[in-house]
Each structure stands twice: as C-alpha cells, then as structure tokens.
Amino acid sequence: MITHYQNTNRQVQDPNNCPHGHVTNTPHNRWQMVSKDTDNTPMVLSAWTCANNQCNKLFICQHNWINGQFSFVRFLNGLPKGPDWPTPILELKDGKSMNTENPVPSKCIRTYLQSLEAEHHGLDELAGMGYRKAIEYLVKDWAIKNNPDKGKNY
Ligand SMILES: [Zn+2]
C-alpha cells in the first residue's frame, strides 16, 4: 500500500498472511492512518480483510518509521504490548550461555510477555508463576553478568 507521510508517498509493505488462520494470501486493504506509537515513533495503522474465503476476517497491522521507511512491527490482536524494555535488559544474556561462543538472550522478557498474555486471558495462577519465573531469570542472569567468576554457584 501507499501512505502519505511528510508530503511524500511512501511504500508500506502489505501483509501476505492472516494472523487468524496463518494462511498466506493477499489481504485487501480497507483503511489506514498515520499516527504515533507510545514512544512517539511515527507509525501507520492499517485495517485489512483476509482474502481466504474460509476466513475473510478483519485484522490490523502496525508499521513503524524505522531507518527512513515504514517497517512491519506487529498485528494488533488486542493483547497488551508489554513495557518498553531498557537496553540493559534487552541485551541481557542467559547466564548459562554468557561465557560460551553463542550467548543466547535471557528468558526474562519472553517469560514476562507470555505471563502478560496468560493474565490477559484470565489465567491468573499461571501468570503469577510466570512473573515469578521471569524475575528469577532476570535476577540470576543479572547476577552472573556482574559476577562472571561466581557464575557456577547460581
Ligand atoms: Zn484469514
């Protein structure tokens, strides 16, 4: 699709699948608007209908202004987005992998976001366990990062 931003027509990549059925197709663009994300980043919100005649459902896409173009960020599915994480947490590595050749990201954010989704669906017990586990990952990985020589003790 084309969107008008800063007095210029901008190409915005169309979605090529549907978040409801995950079927690849060419959805129909129904509506779009330029707005701002919570951190003030310009964004395009667009509404689409699935072209698969078994589905035909409506969905919303969010594209953010990144490096001079609108790039797909996510489908808006009504779930909370989660916080904007500070860089030290975004870059935190899994303590067990920290001193290996391929350190992997800490599981704290992933676990937190899954807990948030569980809470949104009313699964409060599951969410509670998840939040506790997310904090555990955060504290352990942070401790190992700051005390790499003591990593074996955690
Ligand atoms: Zn669909």
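Worth a mention:
- For Val73, distant residues with modelled amide H under 5 Å away: Gln62, His63, Asn64
- On Cα atoms only, tilt of 108-120 relative to the major axis of the chain in degrees: 60
- Nearest-0.05 FRET efficiency for Phe72 and Ile2, computed from C-beta distance (R0 22 Å): 0.90
- The chain - Cys residues lacking any other Cys C-beta under 4.7 Å: Cys61, Cys108
- When only the Cβ of Lys, Arg, Asp and Glu is charged (+1, +1, -1, -1), the dipole of the stretch 70-154 relative to its Cα centre reaches about 240 debye.
- What you get for the stretch 2-76, charging only the Cβ of Lys and Arg (+1) and of Asp and Glu (-1), is a dipole of about 120 debye around the Cα centre.
- Couplings 3J(HN,Hα) of the stretch 84-90, computed from phi: 7, 6, x, 3, x, 6, 4 Hz, in residue order, whole Hz [Karplus 6.51 cos²θ - 1.76 cosθ + 1.60, θ = phi - 60°; x for Gly and Pro].
- Each Lys or Arg adds one and each Asp or Glu subtracts one; over the other residues with Cβ under 11 Å from the Cβ of Asp84, this totals -1.
- Among Cys50, Ile109, Asn17 the positive-end extreme of the charge dipole of the chain (Cβ point charges): Asn17
- Per-residue Cβ neighbour counts within 10 Å put Glu91, Glu125, Glu101 in the sequence Glu101, Glu125, Glu91, beginning with the fewest.
- Reciprocal mean inverse distance between Cα atoms of the chain - Kirkwood radius, Å: 18.3
- Under the convention that each Lys and Arg Cβ holds +1 and each Asp and Glu Cβ holds -1, the size of the dipole of the chain around its Cα centre is about 140 debye.
- Averaging Cα coordinates gives a centre for the stretch 8-24 and one for the stretch 101-133; these two points are 28 Å apart.
- Couplings 3J(HN,Hα) for the stretch 4-13, derived from phi with the Karplus relation 6.51 cos²θ - 1.76 cosθ + 1.60 (θ = phi - 60°), are 9, 9, 6, 6, 9, 7, 10, 7, 10, 5 Hz, where x marks Gly and Pro.
- The residue list His121, Thr100, His63 was ranked by how far each Cα lies along the charge dipole of the chain toward its positive end, using unit charges on Cβ atoms, and Thr100 comes out on top.
- Trypsin sites (Lys or Arg not before Pro) within the stretch 1-103: DSSP coil, no more than 15 neighbouring Cβ in 10 Å: Lys57, Lys81
- Principal-axis tilt of helix 124-146 within the chain, Cα atoms, nearest 10 degrees: 60
- Set of lysines with alpha-carbon distance to Lys107 below 19 Å, sequence-local pairs under 8 removed: Lys81, Lys93, Lys96, Lys133, Lys140, Lys145, Lys152
None of the figures in this text is laboratory data; all of them are computed from the coordinates on show. It should be emphasised that the depicted structure is a prediction, and the values quoted were computed from it without experimental measurement. Quick reminder, even Gly has a Cβ in these numbers, built from the backbone with ideal geometry, and neighbours come from all protein chains shown.
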